[in-house]
Amino acid sequence: MQSILVIDDEKNMRWVLERGLKDCGHRIDTAASGLEGLERAKLHEPDLVILDLKMPGIDGLETLKRLKELYPRLPVVMTTAHGTVETAIEAMKCGAADYIIKPFDLEEMKIVIEKNLAVQELVKEVDYLRSELNLKYNRQNIIGKSEAMEKVFTMIERVADSNATVIVYGESGTGKELVARAIHYNSARREKAYIQVNCAALPETLLESELFGHEKGAFTGATARRPGRFELAHHGTLFLDEIGELSHPMQAKLLRVLQEKSFERVGGIETLKVDVRIVAATNRDLLAAIDSGAFREDLYYRLNVIPIYLPPLRERKEDIPMLIRHFLDKLDVKKRLKHIAPEALQALVNYQWPGNVRELENVIERAVIIAAGDTLTLEHVPFYSRAKASEQQNIICDIPDGGISLEEVEKLLLVKALAKAEGNQTKAAHLLKISRPTLLYRMEKYGLR
Ligand SMILES: Nc1ncnc2c1ncn2[C@@H]1O[C@H](COP(=O)(O)OP(=O)(O)OP(=O)(O)O)[C@@H](O)[C@H]1O
Ligand SMILES: [Mg+2]
């Protein structure tokens, strides 16, 4: 149900509109003057206002201006008598959505209202989608409270509004793409294009036409002119992912664009100028690549204007619990997993995460799928079973060549468990999964008291 506010000094008119529009399923509120209308609008934002132009006190035009100050997006339909159309047009210039001449047919009024309400819905939807997009890619979506991540956040905020080239370094799965997007969506270019290219995904010739576009007939199969990613990213941001994988000829071509901000399409002679902000990323050590001759030093200096380093997850373990919560929120749509068993959390924090945050996300996704109860336990941690197997192997591997008696092994384990439990018998019994009396009995047996 949408709410419509009718502001008109004529009692009759208010009555007609109130009666006539109610059966369209809208909630109708009325006011007899501009001031009263403003008061009502302040109390509760209407979805649409029908406003009479000619009223005693503050007139329709002034009321319109004040309404618009209050709610710039609010659609206001002006009603006006014959002969005052000029004022109605002036009102349109001040932001009125429409006007309708009195006396009007109620059906005509209904059409105008429905049309403007529909437009308003679209405006709200666009606003919503835009804010979602901003939220999605602003720092709230990059999780982390470690010092290293705080540094990354500060860098993103600091560099976003400049046009400087940024290069993001980090192992696979550390969130380089997320940072690139955050830079774009926090910059003044956020309303323009964000275009990305994976430099490792395409063979050289295809990559060239992908980046710079091609003219019709430039090569077999080029049946039409096609703009490249540089052109598409004009006024926006171009994310060059896996930059360390570029071939030498492509490095030379990229260097030229970075230096001159211009290029030609493949098979073309026209030089195109573009305004593009570059964010690059790599999981390679570019300095080592320079040493080995795989990467051009001059290109490195062009790219390395503002470096951002994403540390591997194993070096910021304090972020792991937060990330687990974040992925549970995101992936456990039915909110089934309410708890995390302490041992499971421990195992997740202790793990080395070679695949970084992406691997953690996958582990949580798997847990959400396989867990039957409301708790994430060790059984849902895939590498835990592997680690457990290797631990067990360790114990068995200790068997000396000359063999060992079961009793000796038992004694050894008792000693180890007591040492691990720092002499606490209850804990030692727990570690060996036996009762405390059994532990005491065996300690007695082997003279360990
Ligand atoms: N700090 C973080 N907070 C929340 N999600 C993250 C974070 N870091 C990474 N992710 C998630 O992990 C996954 C991998 O991130 P992303 O693709 O940005 O990594 P990458 O460094 O570009 O990896 P690759 O080098 O393999 O391309 C994505 O789903 C991303 O949303
Ligand atoms: Mg990536």
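Positive contributions from Lys and Arg (+1) and negative ones from Asp and Glu (-1), summed over other residues with Cβ under 13 Å from the Cβ of residue 419, come out at +3.
Of interest is the spacing of the C-alpha centroids, which for the range 58-129 and the range 397-449 amounts to 85 Å. Normalised by the number of residues in the chain, the mean separation of alpha-carbon contacts (under 8 Å, six or more apart) gives a relative contact order of 11 percent.
Structure remark: mean-square fluctuation, Gaussian network model of the chain, C-alpha springs under 10 Å; the largest value among 363, 179, 77 belongs to 77. The Cα center of the range 194-252 and the Cα center of the range 1-41 differ in position by 58 Å. Got the relative contact order for the range 139-311 handy, in percent, Cα pairs under 8 Å and 6 or more residues apart? Once divided by the residue count of the range 139-311, the mean separation gives 33 percent. Mind running the shape call on the range 398-445? Use the C-alpha gyration tensor, a ≥ b ≥ c as the square roots of the eigenvalues: rounded below 1.5 for a/c, prolate if a/b tops b/c, oblate otherwise. In terms of gyration-tensor shape, prolate. Per-residue ellipticity at 222 nm from helix content only, as computed over the chain with -39500 (n - 2.57) for each DSSP H run of at least four residues, stands at -15000 deg cm²/dmol. Residues whose amide H lies under 5 Å from that of residue 308, counting only those 5 or more places away or on a different chain, are 167, 168, 169; hydrogens are built 1.01 Å from N in the peptide plane. The C-alpha atoms of the chain define a longest principal axis, and helix 406-420 lies at about 50 degrees to it.
Subtracting the Cα-Cα distance of residue 106 and residue 425 from their residue separation scaled by 0.36 nm leaves 106.0 nm. Using θ = phi - 60° in the Karplus curve 6.51 cos²θ - 1.76 cosθ + 1.60, the 3J(HN,Hα) couplings for the range 288-301 round to 5, 5, 5, 4, 7, x, 7, 10, 6, 5, 5, 5, 4, 5 Hz; x is entered for Gly and Pro.
Quick check: net charge around residue 281, other residues with Cβ under 13 Å of its Cβ, Lys/Arg +1 and Asp/Glu -1? Around residue 281, the charge tally is -2.
Axis of helix 147-160 versus longest Cα principal axis of the chain: the two differ by about 30°, to the nearest ten degrees. In this calculation the C-beta distance from residue 148 to residue 193 is compared with R0 = 30 Å, giving a FRET efficiency of 0.45. Fully extending the segment from residue 338 to residue 446, taken as 0.36 nm per residue of separation minus the present Cα-Cα distance, adds 34.4 nm. Peptide packing: for 14-22, 239-247, 296-304, the average count of neighbouring Cβ atoms within 10 Å per residue gives the ranking 239-247, 296-304, 14-22, highest mean first. Rounded if a/c is under 1.5, else prolate if a/b is larger than b/c, else oblate: which is the range 3-131, with a ≥ b ≥ c the root eigenvalues of its Cα gyration tensor? Because its axes are fairly even, with a/c under 1.5, the range 3-131 counts as rounded. Between the beta carbons of residue 11 and residue 71, assuming R0 = 35 Å, the FRET efficiency works out to 0.85 to the nearest 0.05. Taking amide H atoms as placed 1.01 Å from N in the peptide plane, the amide H of residue 102 lies under 5 Å from those of 80, 81, 82, each 5 or more residues away in sequence or on another chain. Computed from label points 7 Å out along Cα-Cβ, the spacing between residue 287 and residue 40 is 7.1 nm. Here the mean projected area of the convex hull built on the C-alpha positions of the range 314-388 is 4.5 nm².
How high is the relative contact order of the range 314-388, in percent, with contacts defined as C-alpha pairs under 8 Å that are six or more residues apart? The value is 40 percent. In the elastic network of the chain, a GNM with C-alpha springs shorter than 10 Å, the most mobile of 369, 306, 28 is 28. Hey, in the GNM for the chain with a 10 angstrom Cα cutoff, which one of 343, 39, 157 fluctuates hardest? In this elastic network of the chain, the residue with the biggest mean-square fluctuation among 343, 39, 157 is 39. Principal-axis analysis of the Cα atoms of the chain puts helix 11-22 at an angle of about 40° to the longest axis. Based on the alpha-carbon gyration tensor of the chain and its eigenvalue square roots a ≥ b ≥ c, which shape applies: rounded if a/c is under 1.5, prolate if not and a/b is larger than b/c, or oblate? The shape class here is oblate.
None of the figures in this text is laboratory data; all of them are computed from the coordinates on show. Please read these numbers as outputs of a predicted model, since none were measured by experiment. Heads up, the Cβs are rebuilt from the backbone with ideal geometry, glycines too, and the neighbour counts pull from every protein chain shown.
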